[in-house]
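The values are calculated or read from the model by the stated rules, or taken from the named source; none is laboratory data. For clarity, every value in this text was computed on a predicted model and none was experimentally measured. Cβ sites come from the backbone with ideal geometry, for glycine too, and all protein chains shown count toward neighbours. These area figures cover heavy atoms from the full protein model, side chains too; ligands, DNA and RNA do not enter into them. Shrake-Rupley method; radii C 1.70, N 1.55, O 1.52, S 1.80 Å.
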Amino acid sequence: MRIVLQRVKSASLEADGVFVDRMGAGILAMVGIESGDDEEAVMRYMLDKLVHLRIFEDQNGKLNLSITDLGLELFLVSNFTIYGDCRHGRRPSYSHGAGPDEARGIYETFVAYAKANAGLPVHSGVFQADMQLDVHLDGPVTLLLDSDKEF
């Protein structure tokens, strides 16, 4: 599983032109799924990173607080393009990402796992929908997570 996360002041999502959800301050996480990401260890590792990363300022202006420390929110949005490989040619290859049926099951399981275990509000997008995000970035702070710990 790979996640591109951004610290946000707010985010809202529409899918196919219909309002789905919004959140206040917290983390927007764009989630890419690879085959085999349905293991609980993968989900536990990625959720733990998301809710405990210290990417918010403390009283001294240091990035020392997490969304858990501050009682903020988490927005999980599926995004198959995160596994896009642009190293060859001009069209990204998506062969490392899970296929749609497998990815849907893993994404939905990860969302359910996060809602049950994050200890804070968790929002989610609509798998394989045409989504439009309205995001108010904070910082901006953007980080990459990989369950294989490649970066």
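For the stretch 75-124, trypsin sites (Lys or Arg not before Pro) are listed when DSSP marks them as loop and at most 10 other Cβ atoms sit within 10 Å of their Cβ; the list is 87, 90.
The angle between the Cα long axis of helix 40-52 and the longest principal axis of the Cα atoms of the chain comes to about 40 degrees, rounded to the nearest 10. Between the entries (i) 1.02; (ii) 1.13; (iii) 1.29, the label attached to Cα Rg over 2.2 N^0.38 Å calculated for this structure is (i).
A 23 angstrom limit on the alpha carbon distance is what I want to check against. Which of 62/149; 62/115; 9/115 exceed it?
On the way: 62/149 25 Å; 62/115 29 Å; 9/115 20 Å.
In this structure, 62/149; 62/115 lie more than 23 Å apart at Cα.
Helix 100-117 against the longest principal axis of the chain: what's the angle in degrees, Cα atoms only, rounded to the nearest 10? For helix 100-117, the angle is close to 20 degrees.
How high is the FRET efficiency between residue 132 and residue 108 when r is their beta carbon distance and R₀ equals 30 Å, given to the nearest 0.05? Could you put the intermediate results ahead of the total?
Working: r = 21 Å, r/R0 = 0.69.
Rounded to the nearest 0.05, the efficiency is 0.90.
Net charge around residue 73, counting only other residues with Cβ within less than 14 Å of its Cβ (Lys, Arg = +1; Asp, Glu = -1)?
Working: positive: 7, 9, 22, 115; negative: 21, 69, 138.
Local net charge: +1.
With the helix formula -39500 (n - 2.57) applied to DSSP H stretches of n ≥ 4, the chain reaches a computed 222 nm mean residue ellipticity of -7000 deg cm²/dmol.
Here the chain is treated with +1 on each Lys and Arg Cβ and -1 on each Asp and Glu Cβ, and its dipole about the Cα centre works out to around 440 debye.
In Å², what does the accessible area per residue of the stretch 1-150 work out to with a 1.4 Å probe? Write out the running numbers ahead of the final one.
Working: 8150 Å² over 150 residues.
Per residue, the stretch 1-150 has 54 Å² of solvent-accessible surface.
Have a look at 100, 65, 75 and report the one farthest towards the positive end of the charge dipole of the chain, computed about the Cα centre with Cβ charges (Lys/Arg +1, Asp/Glu -1). Highest projection toward the positive end goes to 65. Scanning the chain for GluC sites (Glu not before Pro) that sit in a DSSP loop and have at most 12 other Cβ atoms within 10 Å, the longest stretch containing none of them is 40-149. Under a model in which nothing but the beta-carbon of Lys, Arg (+1) and Asp, Glu (-1) is charged, the stretch 46-102 shows a dipole of about 400 debye around its Cα centre.
Computed in the context of the full set of protein chains, the accessible area of the chain at 1.4 Å probe radius has 48% of its extent on carbon or sulfur.
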